[in-house]
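Please treat every number below as a calculation from the coordinates, not as lab data. All values derive from a computational prediction rather than experimental measurement. Neighbour counts run over all protein chains shown; Cβ positions are idealised from the backbone, glycine included.
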Amino acid sequence: MSSISRGIVVTGANGFVGKNLRNFLHKNKIKVLGISRKNFRKHVSEVKITSTNLLEPKLQTKLKNYDALIHLIGIGRQSSKSTFEEINLNLTKKCN
Ligand SMILES: NC(=O)c1ccc[n+]([C@@H]2O[C@H](COP(=O)([O-])OP(=O)(O)OC[C@H]3O[C@@H](n4cnc5c(N)ncnc54)[C@H](OP(=O)(O)O)[C@@H]3O)[C@@H](O)[C@H]2O)c1
């Protein structure tokens, strides 16, 4: 953990895994930038921004200030608006 100096970006930061990961990183004194479409739950104070659009230029610039990005956006069930291909595959590719 000591090699992480600038912090970690977490997408899907309000999800089940993301929330637990943020808490873990926070406890280990690692700066977290959480990304979510919603506001973050109150018990986490270290989150700096919320955003839906991962390709936003301003957000892309911010991401360069971090050591790594952990991508946790995903769906386990498809709907007509959100398909596995669109979210789990194409959105993940866009994050690279
Ligand atoms: N939970 C497990 O036991 C488990 C086990 C193995 C693998 N995984 C994988 O780990 C990842 C996270 O799982 P999880 O359990 O934390 O899922 P989750 O609680 O459903 O959280 C998924 C996150 O994805 C985001 N998301 C969904 N659709 C989106 C969209 N169209 N645009 C932007 N963000 C979107 C949601 O963001 P918002 O907060 O903005 O709604 C949510 O925070 C998934 O890929 C899952 O397959 C989970």
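Short version: ³J(HN,Hα) in whole Hz for each residue of the stretch 83-96, in order, from phi by Karplus 6.51 cos²θ - 1.76 cosθ + 1.60 (θ = phi - 60°), x for Gly and Pro, what are they?
For the stretch 83-96, the Karplus-derived couplings read 10, 4, 4, 5, 8, 6, 9, 5, 5, 5, 4, 5, 6, 6 Hz, x marking Gly and Pro.
Taking 0.36 nm per residue of separation and subtracting the Cα-Cα distance, what length does fully extending Lys64 through Gln78 add?
Full extension from Lys64 to Gln78 adds 1.9 nm.
Add +1 for every Lys or Arg and -1 for every Asp or Glu among the other residues with Cβ under 15 Å from the Cβ of Pro57, and state the total.
Net charge in that neighbourhood comes out at +3.
Please give the peptides 24-33, 10-19 ranked by average Cβ packing (other Cβ atoms within 10 Å per residue), highest first, as a rough proxy for protection.
10-19, 24-33
Please tell me which of these pairs span more than 31 angstrom C-alpha to C-alpha: Lys31/Lys81; Lys31/Lys58; Lys19/Lys64?
Beyond 31 Å: Lys31/Lys81.
Taking amide H atoms as placed 1.01 Å from N in the peptide plane, list the residues 5 or more away in sequence, or in a different chain, whose amide H sits under 5 Å from that of Ile75.
Asn88
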